[in-house]
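J.: Let me give you the structure first, and then I'll get to my questions.
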Amino acid sequence: MNKRILITGAAKRIGKEMALSFFNKGWDIVIHYNSSKDEAEGLANQMNSERNNSAMLVQANLDNTNEVENLVKKILSKNRSIDALINNASTFYPTPIGTFSEENWNALMGSNLKAPLFLIQSFHKELEKNKGFIINVTDINVDRALVNHSIYLAAKSGLQTLTKSLAKELAPNIRVNAIAPGAILEPPNTDWTAEQKNNIINAVPMKRMGTEKDIVDAAIYLSEAEYVTGQILNIDGGKSL
Ligand SMILES: NC(=O)c1ccc[n+]([C@@H]2O[C@H](COP(=O)([O-])OP(=O)(O)OC[C@H]3O[C@@H](n4cnc5c(N)ncnc54)[C@H](OP(=O)(O)O)[C@@H]3O)[C@@H](O)[C@H]2O)c1
């Protein structure tokens, strides 16, 4: 039986490209999505038409504990297991001081911190049995600060801390690492002006934005790097220097 990986937020953008690259390496993929049903179905159909039963779809709002529990049950039903987990799904928006509510806190903490931890807890026995790996997707701004994004960054910062402490706790059978992207894609529903884009590119030593492939390459490396655990890999063209 092929190895099987769960990638959260895999219908579009970086998550989709990670799903396709693991698929192309012979993995079976559990594609998690929340609202992007059409894109997720399109991706699963594409994979299943190339290789029968290679892709499974699971829908869940990761802010909701019951939905996370149902997702886990569905993935482990019919005696199926998983070998790897990529916590990629993320809510991202600014929360300037004086404007945010508890609802914002719950949404930003839910997908970026709470759900990754509870997913790891739910799958740790399977991952242990299969000597699997976990990749958490964080953000280089954790170490730099991004104005007006205190809740989002606190969540990603927590995810980096979890990565290190769980790497120690779950060794030697499960490796836990993180990828911290720099400026890769414009946030969803944003349209940067040419000037904004130039300013971003000028702050990157490699003088370009990253691409989905840059993140995918890091994920494939971490999936194969059997002596690497507890590391945060900055994929940012040198921006964090
Ligand atoms: N893009 C960048 O330049 C950049 C920079 C730094 C860090 N990152 C990190 O890299 C990862 C991928 O980035 P991206 O830009 O491709 O991500 P994205 O498009 O902003 O989000 C990925 C997916 O997360 C899912 N999601 C959001 N909230 C959710 C919730 N409550 N429950 C379930 N799913 C939820 C969405 O699924 P649906 O569409 O199905 O609703 C979305 O498609 C993220 O962790 C992000 O924080 C990206």
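J.: So which of 136, 106, 88 is near the ligand (Cβ under 10 Å from one of its atoms), among the polar types (S, T, N, Q), surrounded by fewer than 17 Cβ atoms within 10 Å (Cβ to Cβ) and at pLDDT 95 or above?
T.: Result: 106 is the single residue among 136, 106, 88 that is near the ligand (Cβ under 10 Å from one of its atoms), among the polar types (S, T, N, Q), surrounded by fewer than 17 Cβ atoms within 10 Å (Cβ to Cβ) and at pLDDT 95 or above.
J.: Let me ask something else. Out of the stretch 215-233, which residues are within 14 Å of the chain's Cα centre (by Cα) and crowded, with 17+ Cβ neighbours inside 10 Å?
T.: Selection gives 215, 216, 218, 219, 222, 223, 232, 233.
J.: What pairs come up if the first residue lies in the stretch 31-47 and is under 21 Å from residue 67 (Cα atoms), the second is basic (Lys, Arg) and within 7 Å of the ligand (Cβ to nearest atom), and their beta carbons are under 7 Å apart, counting only those six or more places apart or on different chains?
T.: Matching pairs, first to second residue: 36/12; 39/12.
J.: Further, regarding this structure: For residue 62, which of the numbered conditions (1) crowded, with 23+ Cβ neighbours inside 10 Å; (2) closer than 25 Å to residue 217 by Cβ fails to hold?
T.: (2)
J.: List every residue pair whose Cβ atoms sit under 7 Å apart, with the two residues 6 or more apart in sequence or on different chains, where the first one lies in the stretch 132-150 and is assigned to a loop (DSSP other than H, G, I, E, B) and the second, anywhere, is surrounded by 24 or more Cβ atoms within 10 Å (Cβ to Cβ) and among the charged types (D, E, K, R).
T.: 138/156; 139/156
J.: Six or more apart or on different chains, Cβ under 8 Å: which pairs go from a residue in the stretch 181-209 that's within 13 Å of the ligand (Cβ to nearest atom) to one that's part of a strand (DSSP E or B)? Could you list them?
T.: These pairs meet every condition: 181/137; 181/235; 182/234; 182/235; 184/235.
The values are calculated or read from the model by the stated rules, or taken from the named source; none is laboratory data. Because the structure is predicted, anything quoted here is derived from the model rather than measured. Reconstructed Cβ throughout: ideal geometry from the backbone, glycine too, with neighbour counts over all protein chains shown.
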